[in-house]
1. With each label point set 7 Å from Cα along the Cα-Cβ vector, what nm distance links residue 292 and residue 192?
2. Cα axis of helix 224-257 to longest principal axis of the chain: angle in degrees, 0 to 90, nearest 10?
3. So if R0 is 30 Å, what FRET efficiency would residue 256 and residue 181 give, r being the distance between their Cβ atoms, rounded to the nearest 0.05?
4. Any chance you could run the full-extension gain for residue 94 through residue 383? It's 0.36 nm times the residue separation minus the Cα-Cα distance, nm to one decimal.
5. Could you give the angle, 0 to 90 degrees to the nearest 10, between helix 24-39's Cα long axis and the longest principal axis of the Cα atoms of the chain?
6. Based only on other Cβ atoms within 10 Å, what is the fewest-to-most ordering of 236, 374?
7. Taking just the alpha carbons, could you work out the radius of gyration and Dmax for the stretch 24-418, both in angstroms?
8. Output the peptides 366-372, 317-323, 181-187, 44-50 sorted from most to least packed, where packing is the average of other Cβ atoms within 10 Å over each peptide's residues.
């Protein structure tokens, strides 16, 4: 079939039914594969650091900085994107492709540098900025195809993000692998994503904004219903990325204390399994939310994940089967609600503001992750993993309260076709 014809900014979009390009199923498959491939660059440093520490001494702050620099860059990128309404004004595939390609180059350069230093931090910041053109733009692209299944579509995309974020742990679990290989593979996958996304089509629900409107960003806080959805998202994000960033270290230390052979590789494989299992959580959460309601799913998922966060540090010495079971339940529940905050904003916002508000939402959420990612090792140093992971439980607990308030708001009738 012919390639979609509108690749430039501005101008009217083709009417529904007249848009050229691949259909819904093919376009979504391409998008999901591209998302999986592109997201590996995000947590490549988190996975590489265990291998780096075998030959280099890294201070705890520098170790955390390898991950938080990406978060910082993402925040900067989303601020720029939201203020300029990039996801509502330009071709989504070009934004995605350009961002993924630059991220690939920045990540590939890490394999040719020492593992730490100012240049490495700068490249990680650049990678994070590029992710602002991959993750929220991918959500926006998925939403253009929604027809009563918005929760599932964004859930599928978040599931792809989850698999992509977990993939570096799979590589890190291989014995004898050099840390540079993790960066190299992640960079190659991101470059493939940049090439593939142009084959996808844009769905009929895309309404292009013709100018920059800075007031759109304020809508994220000004409208009560959107504000409550964003507050729920903040509670979710307080926990999510800190859990992903530190679970492998917790498991490695726990296995080492038990005298397990190959504690590091076992921890990396298990971490991959736990995070990747979350992809099923994201997909199931999206499917369920379209049927029983967005607030019902988010409240339920956050209640479960908060309980796991509060519990897992206390069962470090429990039988391995119990520890692994709680970890997998946590991995499933911690991401099961993620897509529904974005779906809620997409349903509550004006059509021409959806891309901007999704970007603003992710910006605020990832800004908060900078705090929780850096707080966990400090709290662990004082209170152990019980305190470190217990700290994370506070976020989803407060998120439950925000989504309960949204459930009682009149605008909640606009969610999932009236299913709150």
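1. For the pair residue 292/residue 192, the computed spacing is 3.7 nm.
2. In the chain, helix 224-257 runs at an angle near 30 degrees to the longest axis.
3. Working: r = 24 Å, r/R0 = 0.80.
Rounded to the nearest 0.05, the efficiency is 0.80.
4. Numbers: separation 289, 0.36 × 289 = 104.04 nm, distance 4.69 nm.
Difference between extended and current length: 99.3 nm.
5. For helix 24-39, the angle is close to 40 degrees.
6. Values: 236 29, 374 18.
Going from least to most buried by this count: 374, 236.
7. 19.6, 62
8. Details: 366-372: 21.0, 317-323: 12.0, 181-187: 24.1, 44-50: 26.7.
Peptide ranking by packing, descending: 44-50, 181-187, 366-372, 317-323.
Throughout, read-outs are computed from the coordinates displayed, never taken from laboratory work. Everything numeric in this text was worked out from a predicted model, so none of it was measured. Cβ atoms come from the backbone with ideal geometry, glycine included; neighbour counts cover every protein chain shown.
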